[in-house]
Every structure is written in structure tokens, then in C-alpha cells.
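The values are calculated or read from the model by the stated rules, or taken from the named source; none is laboratory data. All figures in this text were calculated on a predicted structure; none of them were measured in a lab. Positions of Cβ are generated from backbone atoms using ideal geometry, with glycine treated the same way; all protein chains shown enter the neighbour counts.
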Amino acid sequence: MAKGEITINEEYCKGCELCVEFCPKGCIEMSTEKYNSRGLLMPVFAKPEECTGCTTCGFMCPDAAIVVYRFDKDKTPVSED
Ligand code: SF4
Ligand code: SF4
């Protein structure tokens, strides 16, 4: 069961791919067809079941576009970055 979840604010995102590169679980992939309003290709949370809630993606994102949620065993959010 996933231990975490993320949201990506597409209007803040510039498609730099740092989150894709640094996720240790390979949860985030660049879409080949999803663009934001500025015409930039967007990352997608492609493997949510693998997410550990480690917060690396949120920490690495230069535009604060990612919010990370961590869950306890009942999937209750226990922290937010
Ligand atoms: S919180 Fe960690 S495991 Fe989850 S998507 Fe972000 S970098 Fe990957
Ligand atoms: S690191 Fe942030 S700005 Fe870069 S692609 Fe990921 S969400 Fe977008």
C-alpha cells in the first residue's frame, strides 16, 4: 500500500523534470501529451502505489509545485510538506 501521495500544481510547474529524475521509486513520469496553460509538458504521478511519501520530489521542485502527503497505516495524512 502506498505510504504517500503527491499533488502537482500544473500552473506552478515548468516541466523541468527534476522530480522525475530524483524520485527514488520512479513514481513520476513526464507525460507526452499533457500540457499546462503555458504549453509546457507536465509530469504525472504515474505509479502512486510505489510512493513512500519521502518528500524528495517536493524538496527538489524549484517552483514549489509539489505537495507531498504521508499516510499512517490507515491512510490518514500524518504530515504535509
Ligand atoms: S514522495 Fe518520494 S516516493 Fe513519493 S513521488 Fe515524491 S519522491 Fe517519489
Ligand atoms: S520539479 Fe517541479 S517544476 Fe520541475 S517538472 Fe517537477 S513539478 Fe514541475
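Here are the numbers for the structure shown:
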{"item": "Qualifying residue in segment 33-40 (condition: within 10 Å of the chain's Cα centre (by Cα) and among the aliphatic types (A, V, I, L, M))", "result": "no"}
{"item": "Residue identified as exposed (fewer than 14 other Cβ atoms within 10 Å of the Cβ), within 15 Å of Pro62 (Cβ to Cβ) and more than 8 Å from ligand 2 (Cβ to nearest atom) among Glu33, Glu49, Glu21", "result": "Glu21"}
{"item": "Matching residues, segment 28-67, being among the acidic types (Asp, Glu) and farther than 13 Å from Glu17 by Cα", "result": "Glu33, Glu49, Glu50"}
{"item": "Residue that is modelled with the lowest pLDDT [pool: residues in segment 65-80 that are buried (at least 17 other Cβ atoms within 10 Å of the Cβ) and within 10 Å of Gly53 (Cα to Cα)]", "result": "Phe71"}
{"item": "Some residue of segment 71-81 being within 14 Å of ligand 2 (Cβ to nearest atom) and either polar (S, T, N, Q) or within 10 Å of the chain's Cα centre (by Cα) (or both)", "result": "no"}
{"item": "Qualifying position, being within 8 Å of ligand 2 (Cβ to nearest atom) and loosely packed, with under 12 Cβ neighbours inside 10 Å, among Pro43, Pro62", "result": "Pro62"}
{"item": "Strands (runs of 3 or more DSSP E) within the chain that include 3 or more residues touching a residue at least 40 places away in the same chain (Cβ under 8 Å)", "result": "4-8, 66-71"}
